[in-house]
Ligand SMILES: [Zn+2]
């Protein structure tokens with residue numbers, strides 16, 4: 001990507017001047033993208049003729065992007081306690097300080113991974129039927145527990161997409177994803193995803 005410095009020259013269409021103009025990168029106060037106030041001293045492309053800000057380079061976008069409320073939806077399901085134990089066992093593999101907050105991280109990682117897989121619909125159906133078929137060895141009644149997360153809009157959309165392509169209910173998708181975590185991260189001695197997950201968690205926790 002191109003990284004601009006103050007004083008750099010460029011060309012852009014200026015809306016005020018209604019034509020292609022020479023511009024200079026300068027520090028200006030720029031409104032937040034939702035208009036709720038402004039950010040001081042942002043590097044912007046400024047029209048040489050009229051002095052209006054005509055463009056914002058990529059490097060200045062995060063600063064003016066008003067942090068939208070990230071938590072927009074909740075995901076809730078009643079699952080067998082053993083599913084939660086799978087998530088927590090996986091959490092102990094990816095973090096030395098494993099706790100309940102790693103449950104959502106793991107689900108988000110695998111939901112995103114599966115959402116990119118064109119075969120995810122079939123795979124989820126298979127995973128869910130495997131999960132459903134698992135029975136405790138002894139006659140023990142496994143209690144059901146509630147999983148509840150505040151999730152981002154992106155997560156919710158990917159999750160809904162998985163439900164759609166698999167034809168499963170949301171709880172069933174969740175159980176399928178947990179089963180994927182069991183076979184991808186918990187059972188293998190050297191899981192392929194482990195180094196990447198550890199790296200991500202270590203970075204997030206640093
Ligand atoms: Zn202009």
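FYI, it's all coordinate maths here, none of it is from the lab. Keep in mind that what you see is a predicted model, and the values were worked out from it rather than measured. Note that we place each Cβ from the backbone using ideal geometry, even for glycine, and neighbour counts take in every protein chain shown.
Would you mind putting 108-118, 35-45 in packing order, based on average other-beta-carbon counts within 10 Å, highest first?
On the way: 108-118: 16.3, 35-45: 14.4.
Descending mean neighbour count gives 108-118, 35-45.
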Checklist entry - Does anyone have the angle between helix 81-94 and the longest principal axis of the chain? Alpha-carbon axes, 0 to 90°, nearest 10? => result 50 degrees
Checklist outcome for this item: The equivalent-ellipsoid semi-axes of the stretch 9-64, taken as the square roots of five times the Cα gyration tensor eigenvalues and listed largest first in whole Å, are 20, 11, 9
Checklist outcome for this item: Ratio for the chain, C-alpha Rg to 2.2 N^0.38 Å, reads 1.45
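Hey, could you grab the Kirkwood Rh for the stretch 54-127? Inverse mean 1/r over distinct alpha carbon pairs, Å, one decimal. Display every interim value, and only then the final one.
Numbers: mean 1/r = 0.0635 Å⁻¹.
15.7 Å is the Kirkwood radius here.
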Checklist entry - How far is the Cα center of the stretch 55-114 from the Cα center of the stretch 130-206, in Å? => result 12 Å
Next on the checklist: Mean-square fluctuation check for the chain, GNM, Cα pairs under 10 Å: which of 196, 119, 18 is largest?
Outcome noted: 18
Item to check | the stretch 82-111 residues near the modelled residue 194 label - backbone nitrogen below 18 Å, point 7 Å along Cα→Cβ | outcome: 86-99, 106, 110
Item to check | Nitroxide proxy distance, nm - points 7 Å out along Cα→Cβ at residue 140 and residue 1 | outcome: 5.0 nm
Checklist entry - Out of 141, 169, 125, any idea which swings most in a Gaussian network model of the chain, alpha carbons joined below 10 Å? => result 141
Checklist entry - Once the Cα atoms of helix 194-205 and of the chain are each reduced to a long axis, what angle between those two axes, in degrees from 0 to 90 to the nearest 10, is obtained? => result 60 degrees
Checklist outcome for this item: Nearest 10, in degrees from 0 to 90: the angle of helix 120-133 to the longest Cα principal axis of the chain is 30 degrees
Next on the checklist: Taking 0.36 nm per residue of sequence separation and subtracting the Cα-Cα distance, how much length would be gained by fully extending the chain between residue 205 and residue 74, in nm to one decimal?
Outcome noted: 44.8 nm
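Output the relative contact order of the stretch 71-205, whole-number percent, from Cα pairs under 8 angstrom with separation of 6+ residues. Working shown, then result.
Working: 157 pairs, mean separation 58.0, N = 135.
43 percent.
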Next on the checklist: Using a 7 Å offset from the Cα along the Cα-to-Cβ direction at both residue 113 and residue 32, what is the distance between the two label points in nm, to one decimal?
Outcome noted: 3.6 nm
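Report relative contact order for the stretch 1-69 in percent, whole number only (criteria: Cα-Cα under 8 Å, sequence separation at least 6). Mind dumping the intermediate values first?
Values: 133 pairs, mean separation 19.6, N = 69.
This gives 28 percent for the stretch 1-69.
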Next on the checklist: Multiplying the sequence separation of residue 156 and residue 170 by 0.36 nm and subtracting their Cα-Cα distance, what value in nm do you get?
Outcome noted: 4.0 nm
Checklist entry - Given springs between every Cα pair under 10 Å in a Gaussian network model of the chain, which of 24, 92, 171 has the largest fluctuation? => result 24
Checklist entry - Between residue 48 and residue 24, what length comes free when the chain is fully extended (0.36 nm per residue of separation minus the Cα-Cα distance, one decimal in nm)? => result 8.0 nm
